[in-house]
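Peer 1: Provided herewith is a single structure, encoded as C-alpha cells, for subsequent inquiry.
The values are calculated or read from the model by the stated rules, or taken from the named source; none is laboratory data. Since this is a predicted model, take the numbers as computed values, not measurements. With ideal geometry, Cβ positions are generated from the backbone for all residues, glycine too; neighbour counts draw on all protein chains shown. Ligands, DNA and RNA are excluded from the accessible area calculation, which covers all protein heavy atoms including side chains. Shrake-Rupley method; radii C 1.70, N 1.55, O 1.52, S 1.80 Å.
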Amino acid sequence: MSLWKKKPFIYQINTWVWLNSLSQRFNYHVDLTNIPGEVFHELASLNVDAIWLMGIWQRNPAGCASALNYKHEYIPVLPDLTDDDVIGSAYAIGAYEVDYRLGGREALANFRHRIAQHDLKLILDYVPNHVATDHAWVTEKPHYMVRGTKKDLKAAPDLFFATKNAQGQELIIGHGRDPYFPGWIDTAQVNAFSMEYRHAATQTLLDIASQCDGIRCDMAMLMTNKVFGNTWGNYLPESAPKTEFWEDVIPPVKQDYPNCLFIAEVYWDMEYQMLQHGFDYTYDKRLYDRLEDGYIEQIHEHLEASVSYQEHQVRFIENHDEPRAAATLGFERQRPAAAMICTLPGAVLLHDGQFTGKTIKLPVQISRQPDEVANWALYGFYNKLLKETRHPIYQDGEWRLFEVSESYPGNYTKLHLIAYGWAMGREFRVIVTNPTNRWSQGFVKIYGWEHLRDGYWRLFDCLSGVRTFHDGNTLAEQGLYVELEAYQTHIFRFDLITNPDEINYIRHVEEMAH
C-alpha cells in the first residue's frame, strides 16, 4: 500500500446511486464489475487522491422494510419513487460484505485495482456504534449488543426492540443511537464496553483494511468511554474498561496495514480527543458551521489554531449528511468556501454532484437520484481550483495565516477578508478571499517570506488568469494591496521576473505612483 499525501483530496460517491446513474448513461446494467474504462479516466481527471465508496456493505431485508415505512419522506426528493428504489440505509449494515447486487468482494477488488492504475486510493466506511437489526451478531452474538429487559422495552419502546434467536428465546436489544436523539429503529446498538465486541470490531476492521486504503469511521465519538457510558450506562452490566475503544482497535490494524488512513466523523468539539485515540484525520465541523454562518471573525479565529492540528482536519462544505452546498450557500457563496477548504492545511472532502451544483440532498435509503441541470460555470471553477491544488506547495510547503490592514484609515472593509499563504523555497502562493456580499479592500501583510526581496514578481491569479507586477521589497514592507468584489477569491502564484523590460515597466509604474 503506497503512502498517502499529506493533504489528501477525497471524493465521496454514493455507490448505489452512482452505479444506477451510470447504468442510465450507458444503457446497460453497471455494477462494480463492468464500469466502462472512460469512467475511470473521468475520476482521474477530477484531480483528487481518493474515492470514498459510500454504502457498499450488505443491506438486509429488515433495513429495507424499515425504510419502506418512510417512502413519504423520499417522494419529495424523487417524485417517481418506486419500492424498488428503496434499499435501506447505508448505515444499517447487514454484514461487512460487499453487497452482491453491487458485484461482491471480487468486484470491489477489481475496482480498487483499476483506480490504483490512475493513482487513486479507496476509502470505505466502518460503523462502530451499531449494525442492522437483522445482522447476525444480534441473535448469534447477543453479548456483543446492549441488552435490556421486558421492563426496559415497555418503559422505553423507542430505545429497545424484541427479537428471537435460533432457539426461539426472546432477546431485548437496544437500538443504535446518539445521546441527543431517539434510537434509529433500523439499527441494533453494540456494546462498546464489551471486550468481546472490541475483538470482533478489530477483526472486522482488519478485513476492511485488507480491501481498501483508508477507513472513514461513522460517528466515532459515540464509542468513547465517557459518551457511551452517559448514553447507555444505566443498562450495562459492566463498567467502562480502562482503555478506550479506538485505542484497542486501531493499533492492530495499523500494525498489519501501517498506511491505512483512519478518518473520524466527529462532532461536539471532540476532534483533538479522537486524534489522541489514534485517528489520522477528524471532520472539521466547526469550520463547516462557520462557513455556513458567514462569521468572518470566527473563521479567522478558527484558522489561528496550530498548523500541526489543522493538518489533521478534514475540510468540507457538503457530504451525504449535510445539505448540498448549492442549496445552503448558493453558487456565489460556495466559491470562496470551496477555495478555502481546498487551500487550507488538512484533508479535503468533496462530494459527487458538488462540482455541478446539485441542490437535492439524497436520503441514504434510496438507490436513485433525480435529474438536475448542471451548472457548468461552477464546474469550470472547481476544475481550475483542483488543478491548482495539485502543485506540491500545498503538500510540502509551509502555511501561515496573514493579517489584512486598512487600505486607508477608517476603511474597515478589510475585516471582510481572509488571507493566508504557502511558501516552499522560492515558490509562493497567497490566497485572499472575500466570503461576504460587500466589496472590500486592504493590504495583505506578507511577513516571514524574506525571499520576496530577491527581485520583482509577476502575480498570476490562478482563478481569473489576471497578471499584476510587483516589487518584492514593497510587498515585504507594505504588503499586497487587494480589492475583491463580493464572494471573490484570488489565488496568487508568484513568478520571479528576470526579463529586464518587465522590471523596467514595474519601476516606471512605481515612479508614476509616487
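Peer 1: Given an 8 Å cut-off on Cα distances and at least 6 residues of separation, report the relative contact order of the chain as a percent.
Peer 2: 13
Peer 1: Assign one of three labels to region 409-514, namely rounded, prolate or oblate, based on the Cα gyration tensor with a ≥ b ≥ c the square roots of its eigenvalues; rounded applies when a/c is under 1.5, prolate when it is not and a/b is larger than b/c, and oblate otherwise.
Peer 2: Verdict is prolate for region 409-514.
Peer 1: In the chain, what percentage of the DSSP-assigned beta bridges are antiparallel, given to the nearest 5?
Peer 2: 65
Peer 1: Further question: Let me make sure I get this right: for region 367-469, a, b and c are the square roots of the gyration tensor eigenvalues over alpha carbons, sorted descending. Under 1.5 in a/c it's rounded, otherwise prolate if a/b > b/c, else oblate. Which is it?
Peer 2: Oblate shape, in that a/c is at least 1.5 and b/c is the bigger or equal ratio.
Peer 1: What does the accessible area of CYS64 come to, in Å² to the nearest 10, when a probe of 1.4 Å is used?
Peer 2: Approximately 40 Å² of CYS64 is accessible to the 1.4 Å probe.
Peer 1: How much mean residue ellipticity at 222 nm does the chain get from its helices, if each DSSP H run of length 4 or more adds -39500 (n - 2.57) and you divide by all residues, to the nearest 500 deg cm²/dmol?
Peer 2: -9500 deg cm²/dmol
Peer 1: If you roll a 1.4 Å probe over the chain with all protein chains in place, what percent of the accessible area is carbon or sulfur?
Peer 2: Here carbon and sulfur together make up 50 percent of the probe-accessible area.
Peer 1: Moving to a separate point now. Which shape class, rounded, prolate or oblate, goes with region 277-336 when its Cα gyration tensor gives a ≥ b ≥ c as root eigenvalues, a/c under 1.5 marks rounded, and past that a/b bigger than b/c marks prolate?
Peer 2: oblate
Peer 1: At 7 Å along the Cα-to-beta-carbon direction for both THR356 and GLU170, put a label point, then send me their distance in nm to one decimal.
Peer 2: Each label point lies 7 Å from its Cα, and together they span 5.3 nm.
Peer 1: Based only on Cα atoms, what mean projected area does the convex hull of region 264-411 have, in nm²?
Peer 2: Seen from a random direction, the Cα hull of region 264-411 projects 11.1 nm² on average.
Peer 1: Right, here's the next one. Which chymotrypsin sites (Phe, Trp or Tyr not before Pro) does region 126-155 hold that lie in a coil by DSSP with at most 14 other beta carbons within 10 Å?
Peer 2: none
Peer 1: Please give the solvent-accessible surface of TRP18 in Å², to the nearest 10, using a probe radius of 1.4 Å with every protein chain present.
Peer 2: 30
Peer 1: Scan around LEU350 for amide H atoms under 5 Å from its own, H built in the peptide plane at 1.01 Å from N, and keep only partners 5 or more places away or cross-chain.
Peer 2: Distant-sequence amide H within range of LEU350: ILE10, TYR11, GLN12.
Peer 1: Thinking of region 1-129 as a set of Cα atoms, what percent of all their pairs are more than 25 Å apart?
Peer 2: Everything past 25 Å amounts to 30 percent.
Peer 1: I've got another one for you. Mind checking which aspartates and glutamates have their C-alpha under 14 Å from LYS164, skipping anything on the same chain fewer than 8 residues away?
Peer 2: ASP134, GLU140
Peer 1: Next up: Per residue, how large is the accessible surface of the chain? Use a 1.4 angstrom probe and give square angstrom.
Peer 2: 42
Peer 1: Would you check the accessible area of TYR257, probe 1.4 Å, heavy atoms only, in square angstrom rounded to 10?
Peer 2: 70
Peer 1: Using label points projected 7 Å from each Cα along Cα→Cβ, tell me how many nm separate ARG25 and GLN298, to one decimal.
Peer 2: Label-label distance for ARG25 and GLN298, simple model: 3.8 nm.
Peer 1: Going highest first, how would you order 174-183, 158-167, 3-12 by mean Cβ packing within 10 Å?
Peer 2: Answer by packing, highest mean first, reads 3-12, 174-183, 158-167.
Peer 1: Please find the FRET efficiency linking LYS71 to ALA44, where r is the Cβ-Cβ separation and R0 is fixed at 25 Å, and quote it to the nearest 0.05.
Peer 2: It comes out at approximately 0.10.
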